[in-house]
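Nothing in this text is a laboratory measurement; each read-out follows from the coordinates by a stated rule. If you're wondering where the values come from, they're calculated on a predicted model, not measured in any experiment. Ideal geometry is used to build each Cβ from the backbone, glycine not excepted, and the neighbour counts take in all protein chains shown.
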Ligand SMILES: Cc1cc2nc3c(=O)[nH]c(=O)nc-3n(C[C@H](O)[C@H](O)[C@H](O)COP(=O)(O)OP(=O)(O)OC[C@H]3O[C@@H](n4cnc5c(N)ncnc54)[C@H](O)[C@@H]3O)c2cc1C
């Protein structure tokens, strides 16, 4: 399959990328592993692509005190082999697609594309990440909770570039994990769950849990979090808390040829319990 014809411009800096996008009414191209397939399917016809993949200062993982900055052009493979970010991130990155996807696909592209079946939005939401965004009028930072707004939609404007993502550094007493039921062909999440759990004296003192794959946008599992905090982290208590996800799903659960909405609903507490149990073990 061939994509529609497009003009191509390569940017060497964030400023150049923003200017080129504006001049040519283009679309940013990072790893191309979501945008090019979408163009080949004729679901997008941007006319001009602004290649940002050679902007070197947007690549890499940089610890900074109690946070870690991940550049937007950092590949999934780089995240998968990082020991500097919370465990759930390399765990999720290792599960993305296949080696070719992981070597080309970028954190920024994954997050900006906001595919409901992507893994990183769910993990970044559970971690309480913030997204760094630069546009013509300056820069802003948006929490993951507010960033993902709907199916393939975020708060990013057409004229804004995601430059990076900031996550909390690993902390003693807190463990993070990601569990997913993958589509057997693409490896995209049918259901994915991420958890960040703090434990003291065997009891949960703080919990952040997110679910993805079955809703238009990843969402925090507030009822599960409330049911975890203050409890002994036994298997029975984790299972009971995970069951509370039923209260957070609402009417928007999606089904398709790979898995019905009812099946996804049934798998949600299973994936949450797995992520929470693993996170507790790491705390
Ligand atoms: C076969 C296959 C299997 C896959 N399996 C999985 C999987 O299991 N889990 C998963 O999570 N993902 C999966 N993916 C998606 C993969 O992770 C993509 O790489 C990723 O979603 C998009 O990143 P990219 O760098 O390729 O972005 P691109 O395809 O280059 O861009 C995607 C979109 O984001 C925009 N964009 C890119 N970077 C920026 C930026 N810095 N600022 C603003 N906008 C930007 C582009 O304009 C475009 O609209 C799979 C892809 C394929 C092809």
Fill in the blank from the handout: Once normalised by the length of the chain, the mean sequence separation of its alpha carbon contacts under 8 Å that are 6 or more apart gives a contact order in percent of 16 percent
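What order do you get for 167-175, 251-259, 73-81 when each peptide is scored by the mean count of other beta carbon atoms within 10 Å, highest first?
Ranked by mean Cβ neighbours within 10 Å, highest first: 73-81, 167-175, 251-259.
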Fill in the blank from the handout: Protection proxy (average C-beta count within 10 Å per residue), highest first, orders 97-105, 237-245, 206-214 as 206-214, 237-245, 97-105
Practice task
Fewest Cβ neighbours within 10 Å first, please rank 204, 48 accordingly.
Solution key: 48, 204
Fill in the blank from the handout: Over the chain, the quotient of the Cα radius of gyration and 2.2 N^0.38 Å is 1.00
Exercise for the section: Would you mind ranking 35, 162, 41 by Cβ crowding within 10 Å, fewest neighbours first? Expected result: 41, 35, 162
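For the range 16-77, what is the Kirkwood hydrodynamic radius in Å, using each pair of distinct C-alpha atoms?
13.2 Å
Work out the FRET efficiency for residue 62 and residue 100 from their Cβ-Cβ distance, taking R0 = 22 Å, and round it to the nearest 0.05. Please list the in-between numbers first.
Numbers: r = 26 Å, r/R0 = 1.18.
Efficiency computed from Cβ-Cβ geometry: 0.25.
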Exercise for the section: Give the angle, between 0 and 90 degrees and rounded to the nearest 10, that separates the Cα long axis of helix 14-24 from the longest principal axis of the Cα atoms of the chain. Expected result: 60 degrees
Exercise for the section: Just need the relative contact order of the range 153-242 here, percent rounded to a whole number, with Cα pairs under 8 Å and 6+ apart. Expected result: 18 percent
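Using only the C-alpha atoms of the range 60-168, find the volume of their convex hull and express it per residue in Å³.
Roughly 93 Å³ of hull volume per residue.
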Problem - Percent antiparallel among DSSP beta bridges (both partners in the chain, rounded to 5) - result: 85 percent
Exercise for the section: Kindly provide the helix-only [θ] at 222 nm of the chain, computed as the sum of -39,500 (n - 2.57) over DSSP H runs of four or more divided by all residues, to the nearest 500 deg cm²/dmol? Expected result: -9000 deg cm²/dmol
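Counting other beta carbons within 10 Å of each Cβ, put 178, 188, 8, 2 in order, fewest first. Can you show the working numbers first?
Numbers: 178 32, 188 19, 8 11, 2 6.
Ranking 178, 188, 8, 2 by Cβ neighbours within 10 Å, fewest first, gives 2, 8, 188, 178.
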Completion exercise
Here Rg/Rh (Cα, Kirkwood) for the range 131-258 equals 1.02
